[in-house]
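Below: the structure, in structure tokens.
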Amino acid sequence: MTAPNDAETDAMLAAMLAPPARAGDRAFTLQVERAIDAQAAYARARARFWRSFGIEALTVAALLAALWLLSSAPLLAPLAGSTHWGPAPPLLLILLLWFGTQRWRNA
């Protein structure tokens with residue numbers, strides 16, 4: 001029995017393990033490129049949403065603080081009646097303002 005040398009073994013393995021010769025799949029490539037573009041667009045939209053949400057949350061917090069300070073001002077005490085204003089009216093107003101500023105779009 002004769003043993004093949006290393007060059008013959010390497011050539012035989014290279015021929016056996018080589019991928020089949022065929023044309024590239026252009027449709028698959030386009031599908032992958034579209035998926036990558038869609039993921040990038042989703043990431044941009046998500047970042048835009050969180051940035052907008054952060055700005056709106058800070059705005060709501062500022063409005064809440066302003067309304068709380070105004071509701072506890074002695075100048076407005078006659079308007080409040082015998083009791084102080086509770087937190088419900090300012091919170092409802094802020095919620096209404098927040099919903100009023102939302103942009104319902106498909107961008």
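The values are calculated or read from the model by the stated rules, or taken from the named source; none is laboratory data. Quick caveat, the model's predicted, so the values are computed rather than measured. Virtual Cβ from ideal backbone geometry, glycine too; neighbours counted across all protein chains shown.
If you go through segment 30-70 and keep only what is over 22 Å from T101 (Cα atoms), modelled with pLDDT under 90 and surrounded by 10 or more Cβ atoms within 10 Å (Cβ to Cβ), you end up with just L70. Restrict the check to segment 4-21 and report whether at least one residue is surrounded by 10 or more Cβ atoms within 10 Å (Cβ to Cβ) and at pLDDT below 80. Yes; the residues of segment 4-21 include at least one that is surrounded by 10 or more Cβ atoms within 10 Å (Cβ to Cβ) and at pLDDT below 80.
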